[in-house]
Amino acid sequence: MDWKERFKPEVRELVSSVEMKIQTKLNEIDDQVTFNQAKVLEAFQKEKVAEEHLNGTTGYGYDDIGRDVLERVYADIFKTESALVRSQFVSGTHTISSTFFGILRPGDKLLYATGMPYDTIQEVVGIVGEKGQGSLKDFGIGFDYVGLNEKGKVNYQELQRKLTEDVKVVAIQRSRGYSARSSFTVAEIKEMIEQIKQINPNVYIFIDNCYGEFSETLEPTEVGADIMAGSLIKNAGGGIAQTGGYVVGKEKLVNLVANRLTNVGAGKEEGASLGSLRRMFQGLFMAPEVTGAAIKGAIFESGILEECGVSVSPKWNDARTDLIQSVNFGKKESMIKFAQMIQKNSPIDSYVKPEPSDMAGYEDKVIMAAGTFVQGASIEFSADGPIRAPYTLYIQGGLTYSQVKIAITSAVQATFF
(Lines give C-alpha, C1' and ligand atoms only; values in the text may rest on other atoms or scores of the structure.)
Protein backbone atom coordinates (compact mmCIF):
# COMPACT_ATOMS: atom_id res chain seq x y z
CA MET A 1 0.00 0.00 0.00
CA ASP A 2 1.25 3.49 -0.86
CA TRP A 3 2.07 5.24 2.42
CA LYS A 4 -0.16 8.17 1.42
CA GLU A 5 -3.26 5.98 1.22
CA ARG A 6 -3.48 5.85 5.01
CA PHE A 7 -4.28 9.58 5.05
CA LYS A 8 -7.41 11.54 4.23
CA PRO A 9 -7.53 13.17 0.77
CA GLU A 10 -7.29 16.65 2.26
CA VAL A 11 -4.18 15.66 4.22
CA ARG A 12 -2.54 14.18 1.12
CA GLU A 13 -3.30 17.38 -0.76
CA LEU A 14 -1.77 19.43 2.06
CA VAL A 15 1.43 17.38 2.02
CA SER A 16 1.82 17.77 -1.73
CA SER A 17 1.33 21.54 -1.63
CA VAL A 18 3.77 21.94 1.26
CA GLU A 19 6.47 19.90 -0.48
CA MET A 20 6.12 21.98 -3.61
CA LYS A 21 6.45 25.16 -1.55
CA ILE A 22 9.59 24.08 0.33
CA GLN A 23 11.45 22.34 -2.52
CA THR A 24 13.87 25.20 -3.22
CA LYS A 25 14.82 25.29 0.46
CA LEU A 26 15.38 21.53 0.49
CA ASN A 27 17.72 21.89 -2.49
CA GLU A 28 19.75 24.48 -0.56
CA ILE A 29 20.21 22.01 2.29
CA ASP A 30 21.42 19.34 -0.18
CA ASP A 31 24.13 21.76 -1.36
CA GLN A 32 25.11 22.46 2.25
CA VAL A 33 25.35 18.73 2.99
CA THR A 34 27.77 18.26 0.11
CA PHE A 35 29.93 21.15 1.31
CA ASN A 36 30.14 19.75 4.84
CA GLN A 37 30.66 16.19 3.60
CA ALA A 38 33.70 17.38 1.64
CA LYS A 39 35.05 19.06 4.78
CA VAL A 40 34.72 15.84 6.78
CA LEU A 41 36.13 13.64 4.01
CA GLU A 42 39.17 15.89 3.66
CA ALA A 43 39.87 15.61 7.40
CA PHE A 44 39.69 11.80 7.22
CA GLN A 45 42.07 11.82 4.27
CA LYS A 46 44.49 14.28 5.88
CA GLU A 47 44.80 12.16 9.04
CA LYS A 48 45.06 8.92 7.03
CA VAL A 49 42.28 7.15 8.92
CA ALA A 50 42.80 3.39 8.55
CA GLU A 51 41.25 0.11 9.69
CA GLU A 52 43.67 -0.05 12.61
CA HIS A 53 42.25 3.20 13.99
CA LEU A 54 38.79 1.66 14.38
CA ASN A 55 39.90 -0.72 17.13
CA GLY A 56 39.73 0.24 20.77
CA THR A 57 41.87 -0.09 23.87
CA THR A 58 41.16 -1.35 27.37
CA GLY A 59 42.29 -0.48 30.87
CA TYR A 60 44.06 2.85 31.08
CA GLY A 61 43.86 3.37 27.33
CA TYR A 62 47.53 4.22 26.84
CA ASP A 63 48.79 4.60 23.25
CA ASP A 64 45.28 4.60 21.79
CA ILE A 65 46.16 5.56 18.22
CA GLY A 66 42.56 5.46 17.04
CA ARG A 67 41.40 7.82 19.79
CA ASP A 68 44.27 10.20 19.03
CA VAL A 69 43.53 10.22 15.30
CA LEU A 70 39.81 10.78 15.90
CA GLU A 71 40.63 13.81 18.01
CA ARG A 72 42.89 15.19 15.30
CA VAL A 73 40.08 14.71 12.77
CA TYR A 74 37.73 16.72 15.01
CA ALA A 75 40.34 19.46 15.39
CA ASP A 76 40.75 19.58 11.60
CA ILE A 77 37.00 19.82 10.94
CA PHE A 78 36.38 22.50 13.55
CA LYS A 79 39.62 24.37 12.74
CA THR A 80 40.99 24.24 16.29
CA GLU A 81 44.30 23.49 17.97
CA SER A 82 43.05 20.48 19.89
CA ALA A 83 40.08 18.21 20.59
CA LEU A 84 38.87 15.88 23.31
CA VAL A 85 36.42 13.25 22.00
CA ARG A 86 35.47 10.63 24.56
CA SER A 87 32.81 8.05 25.29
CA GLN A 88 33.26 8.88 28.97
CA PHE A 89 31.19 12.04 28.49
CA VAL A 90 27.66 10.88 29.29
CA SER A 91 25.74 13.81 27.79
CA GLY A 92 26.02 17.28 26.38
CA THR A 93 25.40 18.72 29.83
CA HIS A 94 28.21 16.59 31.28
CA THR A 95 30.58 17.75 28.54
CA ILE A 96 29.69 21.41 29.14
CA SER A 97 29.92 20.96 32.92
CA SER A 98 33.38 19.40 32.58
CA THR A 99 34.46 22.35 30.46
CA PHE A 100 33.30 24.89 33.04
CA PHE A 101 34.87 23.03 35.95
CA GLY A 102 38.07 22.53 33.96
CA ILE A 103 38.59 26.21 33.19
CA LEU A 104 36.97 28.12 36.05
CA ARG A 105 38.43 28.55 39.54
CA PRO A 106 37.02 29.86 42.85
CA GLY A 107 36.52 33.59 42.55
CA ASP A 108 35.98 33.47 38.78
CA LYS A 109 32.65 34.21 37.17
CA LEU A 110 30.78 32.62 34.27
CA LEU A 111 28.62 34.97 32.22
CA TYR A 112 26.00 33.75 29.75
CA ALA A 113 25.63 36.33 26.96
CA THR A 114 22.54 34.69 25.45
CA GLY A 115 20.07 34.78 28.32
CA MET A 116 19.30 32.21 30.97
CA PRO A 117 20.71 28.78 30.05
CA TYR A 118 18.42 25.75 29.89
CA ASP A 119 17.28 23.78 32.93
CA THR A 120 20.10 21.23 33.29
CA ILE A 121 22.80 23.91 33.06
CA GLN A 122 20.96 25.92 35.71
CA GLU A 123 21.66 23.05 38.09
CA VAL A 124 25.32 22.92 37.05
CA VAL A 125 25.85 26.60 37.83
CA GLY A 126 23.86 26.31 41.07
CA ILE A 127 20.86 28.61 40.66
CA VAL A 128 18.37 25.74 41.03
CA GLY A 129 18.52 22.40 42.78
CA GLU A 130 19.66 21.37 46.23
CA LYS A 131 22.52 23.14 47.97
CA GLY A 132 25.82 21.39 48.53
CA GLN A 133 25.58 19.13 45.48
CA GLY A 134 28.80 20.21 43.79
CA SER A 135 27.61 23.04 41.55
CA LEU A 136 29.83 25.91 40.41
CA LYS A 137 28.24 27.97 43.16
CA ASP A 138 29.36 25.44 45.78
CA PHE A 139 32.93 25.96 44.60
CA GLY A 140 32.74 29.74 44.88
CA ILE A 141 32.40 30.33 41.15
CA GLY A 142 29.99 33.11 40.25
CA PHE A 143 27.31 33.10 37.60
CA ASP A 144 25.31 35.76 35.82
CA TYR A 145 23.51 36.14 32.53
CA VAL A 146 22.62 38.93 30.13
CA GLY A 147 18.93 39.15 29.44
CA LEU A 148 18.00 39.33 25.77
CA ASN A 149 16.38 42.42 24.30
CA GLU A 150 12.79 42.66 23.13
CA LYS A 151 13.76 41.12 19.79
CA GLY A 152 15.35 38.06 21.42
CA LYS A 153 18.87 39.24 20.56
CA VAL A 154 21.93 40.01 22.67
CA ASN A 155 21.63 43.19 24.73
CA TYR A 156 25.10 44.64 24.15
CA GLN A 157 24.59 47.55 26.54
CA GLU A 158 23.82 45.16 29.41
CA LEU A 159 26.62 42.85 28.26
CA GLN A 160 29.16 45.66 28.60
CA ARG A 161 27.88 46.46 32.09
CA LYS A 162 28.04 42.85 33.28
CA LEU A 163 31.35 41.93 31.68
CA THR A 164 33.29 42.77 34.83
CA GLU A 165 36.93 41.93 35.62
CA ASP A 166 36.03 38.73 37.49
CA VAL A 167 34.34 37.22 34.39
CA LYS A 168 36.69 34.57 33.04
CA VAL A 169 34.36 32.76 30.62
CA VAL A 170 31.54 34.15 28.50
CA ALA A 171 29.19 31.42 27.32
CA ILE A 172 27.08 31.53 24.18
CA GLN A 173 24.26 29.03 23.82
CA ARG A 174 23.76 28.52 20.09
CA SER A 175 20.47 26.65 20.26
CA ARG A 176 17.31 27.96 21.83
CA GLY A 177 16.88 25.11 24.32
CA TYR A 178 13.44 25.46 25.94
CA SER A 179 13.32 29.16 25.11
CA ALA A 180 11.04 31.18 22.86
CA ARG A 181 13.96 33.03 21.28
CA SER A 182 15.47 32.03 17.95
CA SER A 183 18.69 30.04 17.80
CA PHE A 184 21.76 32.11 16.97
CA THR A 185 23.38 31.77 13.57
CA VAL A 186 27.16 31.59 13.19
CA ALA A 187 27.09 35.10 11.71
CA GLU A 188 25.37 36.37 14.86
CA ILE A 189 27.85 34.47 17.05
CA LYS A 190 30.72 36.07 15.13
CA GLU A 191 29.33 39.51 15.95
CA MET A 192 28.96 38.54 19.63
CA ILE A 193 32.56 37.36 19.78
CA GLU A 194 33.85 40.56 18.19
CA GLN A 195 31.85 42.72 20.60
CA ILE A 196 32.95 40.72 23.65
CA LYS A 197 36.61 40.77 22.67
CA GLN A 198 36.47 44.53 22.20
CA ILE A 199 35.29 44.91 25.78
CA ASN A 200 37.71 42.33 27.22
CA PRO A 201 40.15 40.60 24.87
CA ASN A 202 41.35 38.28 27.67
CA VAL A 203 38.02 36.60 28.40
CA TYR A 204 37.48 33.04 27.08
CA ILE A 205 34.46 32.54 24.86
CA PHE A 206 32.71 29.19 25.15
CA ILE A 207 30.08 27.89 22.72
CA ASP A 208 27.41 25.36 23.62
CA ASN A 209 27.19 23.84 20.15
CA CYS A 210 24.60 21.16 20.88
CA TYR A 211 22.26 20.67 17.88
CA GLY A 212 24.41 22.99 15.76
CA GLU A 213 27.14 20.89 14.13
CA PHE A 214 26.99 20.83 10.30
CA SER A 215 23.75 22.84 10.23
CA GLU A 216 25.67 25.63 8.49
CA THR A 217 28.86 25.65 6.43
CA LEU A 218 30.81 27.41 9.20
CA GLU A 219 31.25 26.47 12.86
CA PRO A 220 31.67 28.99 15.74
CA THR A 221 35.31 27.98 16.25
CA GLU A 222 35.99 29.25 12.73
CA VAL A 223 34.87 32.76 13.72
CA GLY A 224 36.82 33.26 16.94
CA ALA A 225 35.38 31.03 19.68
CA ASP A 226 38.05 29.83 22.14
CA ILE A 227 36.40 26.56 23.13
CA MET A 228 33.27 24.65 22.18
CA ALA A 229 31.44 21.51 23.31
CA GLY A 230 28.74 19.19 22.05
CA SER A 231 27.20 15.74 22.34
CA LEU A 232 27.82 12.70 20.16
CA ILE A 233 24.20 11.56 20.45
CA LYS A 234 23.24 14.74 18.65
CA ASN A 235 24.54 15.89 15.25
CA ALA A 236 28.21 14.97 15.52
CA GLY A 237 27.52 11.29 16.14
CA GLY A 238 25.47 10.90 12.98
CA GLY A 239 22.92 8.64 14.69
CA ILE A 240 25.57 5.92 14.99
CA ALA A 241 27.68 6.89 18.01
CA GLN A 242 26.07 5.37 21.09
CA THR A 243 27.35 7.83 23.70
CA GLY A 244 30.00 10.49 24.22
CA GLY A 245 30.81 14.15 23.78
CA TYR A 246 33.48 16.38 22.32
CA VAL A 247 35.37 19.53 23.26
CA VAL A 248 37.34 21.48 20.65
CA GLY A 249 39.36 24.67 21.00
CA LYS A 250 42.63 26.11 22.17
CA GLU A 251 45.05 23.43 23.32
CA LYS A 252 45.61 24.83 26.81
CA LEU A 253 41.86 24.96 27.46
CA VAL A 254 41.16 21.50 26.06
CA ASN A 255 43.94 20.13 28.29
CA LEU A 256 42.30 21.69 31.34
CA VAL A 257 39.03 19.97 30.45
CA ALA A 258 40.88 16.66 29.98
CA ASN A 259 42.37 17.05 33.46
CA ARG A 260 38.84 17.44 34.80
CA LEU A 261 37.51 14.43 32.89
CA THR A 262 40.34 12.13 33.99
CA ASN A 263 42.86 13.57 36.45
CA VAL A 264 45.82 15.91 36.57
CA GLY A 265 48.80 13.99 35.27
CA ALA A 266 46.73 11.78 33.00
CA GLY A 267 44.75 14.34 30.99
CA LYS A 268 44.23 13.21 27.40
CA GLU A 269 46.65 10.28 27.69
CA GLU A 270 44.19 7.99 29.48
CA GLY A 271 40.68 6.81 28.77
CA ALA A 272 40.04 3.45 27.13
CA SER A 273 37.97 3.67 23.95
CA LEU A 274 36.84 0.03 24.25
CA GLY A 275 34.61 -0.71 21.25
CA SER A 276 33.40 2.82 20.57
CA LEU A 277 35.82 4.10 17.94
CA ARG A 278 34.28 2.50 14.85
CA ARG A 279 30.89 4.03 15.62
CA MET A 280 32.42 7.39 16.47
CA PHE A 281 34.39 7.55 13.21
CA GLN A 282 31.49 6.32 11.10
CA GLY A 283 29.00 8.56 12.89
CA LEU A 284 31.16 11.61 12.29
CA PHE A 285 31.47 10.69 8.62
CA MET A 286 27.68 10.33 8.34
CA ALA A 287 26.95 13.47 10.36
CA PRO A 288 26.60 15.98 7.49
CA GLU A 289 24.11 13.75 5.64
CA VAL A 290 22.07 12.87 8.74
CA THR A 291 22.04 16.46 9.96
CA GLY A 292 20.84 17.56 6.53
CA ALA A 293 18.00 15.03 6.63
CA ALA A 294 16.96 16.30 10.05
CA ILE A 295 16.98 19.92 8.90
CA LYS A 296 14.93 19.05 5.81
CA GLY A 297 12.47 17.31 8.12
CA ALA A 298 12.27 20.43 10.29
CA ILE A 299 11.54 22.55 7.22
CA PHE A 300 8.69 20.19 6.34
CA GLU A 301 7.39 20.34 9.92
CA SER A 302 7.39 24.11 9.88
CA GLY A 303 5.71 24.33 6.49
CA ILE A 304 2.87 21.93 7.22
CA LEU A 305 2.19 23.06 10.80
CA GLU A 306 2.05 26.70 9.78
CA GLU A 307 -0.67 25.68 7.32
CA CYS A 308 -2.51 24.10 10.27
CA GLY A 309 -2.67 27.48 11.99
CA VAL A 310 -0.19 27.05 14.82
CA SER A 311 2.80 29.23 15.65
CA VAL A 312 6.15 27.79 14.51
CA SER A 313 9.75 28.90 14.88
CA PRO A 314 11.77 28.97 12.70
CA LYS A 315 9.42 29.40 9.76
CA TRP A 316 10.03 27.08 6.82
CA ASN A 317 11.99 29.66 4.81
CA ASP A 318 14.05 31.08 7.71
CA ALA A 319 17.79 30.51 7.99
CA ARG A 320 18.61 27.36 9.97
CA THR A 321 21.43 27.00 12.47
CA ASP A 322 20.35 23.90 14.40
CA LEU A 323 17.90 21.00 14.35
CA ILE A 324 15.22 22.35 16.65
CA GLN A 325 11.74 23.20 15.46
CA SER A 326 9.45 24.72 18.10
CA VAL A 327 5.68 24.56 17.81
CA ASN A 328 3.34 26.48 20.11
CA PHE A 329 0.14 24.46 20.30
CA GLY A 330 -1.58 26.74 22.79
CA LYS A 331 -3.40 23.76 24.28
CA LYS A 332 -1.95 21.08 26.52
CA GLU A 333 -4.12 18.39 24.93
CA SER A 334 -2.91 19.15 21.38
CA MET A 335 0.74 19.18 22.49
CA ILE A 336 0.40 15.82 24.21
CA LYS A 337 -1.54 14.23 21.33
CA PHE A 338 1.03 15.36 18.77
CA ALA A 339 3.92 13.97 20.83
CA GLN A 340 2.11 10.67 21.28
CA MET A 341 1.66 10.33 17.51
CA ILE A 342 5.36 10.93 16.93
CA GLN A 343 6.10 8.11 19.36
CA LYS A 344 3.58 5.90 17.56
CA ASN A 345 5.45 6.45 14.29
CA SER A 346 8.90 5.68 15.69
CA PRO A 347 10.89 2.53 14.84
CA ILE A 348 11.50 1.70 18.52
CA ASP A 349 8.80 1.50 21.23
CA SER A 350 6.08 2.54 18.81
CA TYR A 351 3.50 0.87 21.06
CA VAL A 352 4.40 3.10 24.04
CA LYS A 353 2.11 6.04 24.86
CA PRO A 354 4.17 8.82 26.47
CA GLU A 355 2.61 10.84 29.27
CA PRO A 356 3.88 13.99 31.04
CA SER A 357 6.13 13.06 33.97
CA ASP A 358 8.87 14.37 36.22
CA MET A 359 12.39 14.29 34.77
CA ALA A 360 15.73 14.91 36.43
CA GLY A 361 17.02 18.42 35.81
CA TYR A 362 13.63 19.93 34.91
CA GLU A 363 11.22 21.86 37.14
CA ASP A 364 8.03 21.15 35.14
CA LYS A 365 6.64 17.84 34.04
CA VAL A 366 7.98 16.93 30.60
CA ILE A 367 6.50 14.90 27.77
CA MET A 368 9.01 13.11 25.62
CA ALA A 369 8.47 11.13 22.44
CA ALA A 370 11.71 9.35 21.63
CA GLY A 371 11.50 5.99 19.91
CA THR A 372 15.21 5.93 19.18
CA PHE A 373 17.88 3.29 18.62
CA VAL A 374 20.17 5.17 21.03
CA GLN A 375 18.50 6.21 24.26
CA GLY A 376 17.90 9.97 24.29
CA ALA A 377 19.61 10.55 20.94
CA SER A 378 18.40 13.96 19.77
CA ILE A 379 19.76 13.43 16.27
CA GLU A 380 17.10 10.75 15.93
CA PHE A 381 13.52 11.92 15.50
CA SER A 382 12.04 12.97 18.81
CA ALA A 383 9.87 15.63 20.41
CA ASP A 384 9.72 16.89 23.95
CA GLY A 385 8.81 19.89 26.02
CA PRO A 386 7.82 21.03 29.49
CA ILE A 387 4.12 21.09 30.23
CA ARG A 388 3.73 24.82 30.68
CA ALA A 389 2.06 27.59 28.66
CA PRO A 390 2.17 28.22 25.73
CA TYR A 391 2.57 24.41 25.48
CA THR A 392 5.52 24.38 23.17
CA LEU A 393 6.80 21.14 21.71
CA TYR A 394 10.43 21.07 20.61
CA ILE A 395 10.84 18.70 17.68
CA GLN A 396 14.32 17.68 16.61
CA GLY A 397 16.28 15.19 14.60
CA GLY A 398 15.42 12.52 12.10
CA LEU A 399 17.77 9.97 10.61
CA THR A 400 15.82 10.10 7.34
CA TYR A 401 13.63 12.79 5.84
CA SER A 402 11.09 10.17 4.80
CA GLN A 403 10.46 8.97 8.34
CA VAL A 404 9.96 12.54 9.56
CA LYS A 405 7.46 13.17 6.76
CA ILE A 406 5.45 10.03 7.58
CA ALA A 407 5.41 10.70 11.32
CA ILE A 408 4.56 14.40 11.06
CA THR A 409 1.80 13.74 8.54
CA SER A 410 0.29 11.14 10.87
CA ALA A 411 0.48 13.53 13.81
CA VAL A 412 -1.08 16.36 11.80
CA GLN A 413 -4.01 14.18 10.75
CA ALA A 414 -4.64 12.94 14.29
CA THR A 415 -4.37 16.40 15.85
CA PHE A 416 -5.97 18.73 13.30
CA PHE A 417 -8.24 16.64 11.01
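The values are calculated or read from the model by the stated rules, or taken from the named source; none is laboratory data. What you are looking at is a predicted structure, and each value in this text was computed from that prediction instead of being measured. Note: ideal-geometry Cβ built from the backbone for every residue, glycine included; neighbour counts use all protein chains shown. Heavy atoms of the whole protein, side chains included, go into the accessibility calculation; ligands, DNA and RNA do not. Shrake-Rupley method; radii C 1.70, N 1.55, O 1.52, S 1.80 Å.
Some observations on this one:
- Per DSSP, loop chymotrypsin sites (Phe, Trp or Tyr not before Pro) in the range 36-126 with at most 12 further Cβ within 10 Å: 62
- Distance from the Cα centroid of the range 125-160 to that of the range 281-349 is 29 Å (rounded to whole angstrom).
- Across the alpha-carbon atoms of the range 117-191, the computed radius of gyration and Dmax are 13.6, 39 angstrom.
- FRET E, pair residue 387, residue 349, Förster distance 25 Å, beta-carbon r, rounded to 0.05: 0.75
- Using a simple spin-label model with pseudo-atoms 7 Å out from Cα toward Cβ, residue 187 and residue 52 lie 4.7 nm apart.
- Computed from backbone phi, the HN-Hα couplings of the range 123-133 come to 6, 4, 7, x, 8, 9, x, 6, 6, x, 9 Hz, rounded to whole numbers (Karplus: 6.51 cos²θ - 1.76 cosθ + 1.60, θ = phi - 60°; Gly and Pro given as x).
- One equal scatterer on each Cα of the range 232-324, no solvent, Debye formula: the resulting log10 I(q)/I(0) at q = 0.21 Å⁻¹ is -1.01.
- Solvent-accessible area of the range 280-399 (1.4 angstrom probe, protein heavy atoms only): carbon and sulfur portion equals 48 percent.
- Ligands, DNA and RNA left out, the 1.4 Å accessible surface of the range 185-274 is 46% carbon and sulfur atoms.
- Every helix of 4 or more DSSP H residues in the chain counts as -39500 (n - 2.57), and over all residues that averages to -13000 deg cm²/dmol at 222 nm.
- Inter-site label distance for residue 199 and residue 60 at 7 Å from Cα along Cβ, in nm: 4.5 nm
- Under 5 Å between amide hydrogens, built in the peptide plane, is the criterion, and for residue 141 it picks out 107 among residues at least 5 positions away or on other chains.
- Counting only protein heavy atoms and a probe of 1.4 Å, the accessible surface of the range 81-146 is 49% carbon and sulfur.
- The residues packed around residue 65, meaning those with a beta-carbon under 12 Å from its beta-carbon, carry a net charge of -4 if Lys and Arg are +1 and Asp and Glu are -1.
- Only Lys, Arg, Asp and Glu carry charge here, each on its Cβ (+1 for the first two, -1 for the last two); on that basis the range 45-138 has a dipole of about 320 debye about its Cα centre.
- Using the Karplus relation 6.51 cos²θ - 1.76 cosθ + 1.60 with θ = phi - 60°, the per-residue 3J(HN,Hα) values for the range 98-110 come to 4, 5, 4, 5, x, 9, 7, 10, x, x, 6, 10, 9 Hz, with x marking Gly and Pro.
- Per residue accessible area of the chain, 1.4 Å probe, in Å²: 42 Å²
- Sites listed here are trypsin sites (Lys or Arg not before Pro) in the range 112-214 whose DSSP assignment is loop and whose Cβ has at most 14 other Cβ atoms within 10 Å: 131, 151.
- DSSP-defined beta bridges in the chain - what % are antiparallel, rounded to 5: 60 percent
- Inter-part distance where the range 91-122 and the range 370-417 are each reduced to a Cα centre, Å: 28 Å
- Dipole magnitude of the range 207-278, debye to nearest 20 (Cβ charges: Lys/Arg +1, Asp/Glu -1, about Cα centre): 260 debye
- Across the chain, C-alpha contacts under 8 Å between residues 6 or more apart give a mean separation that, scaled by the residue count, equals a relative contact order of 18 percent.
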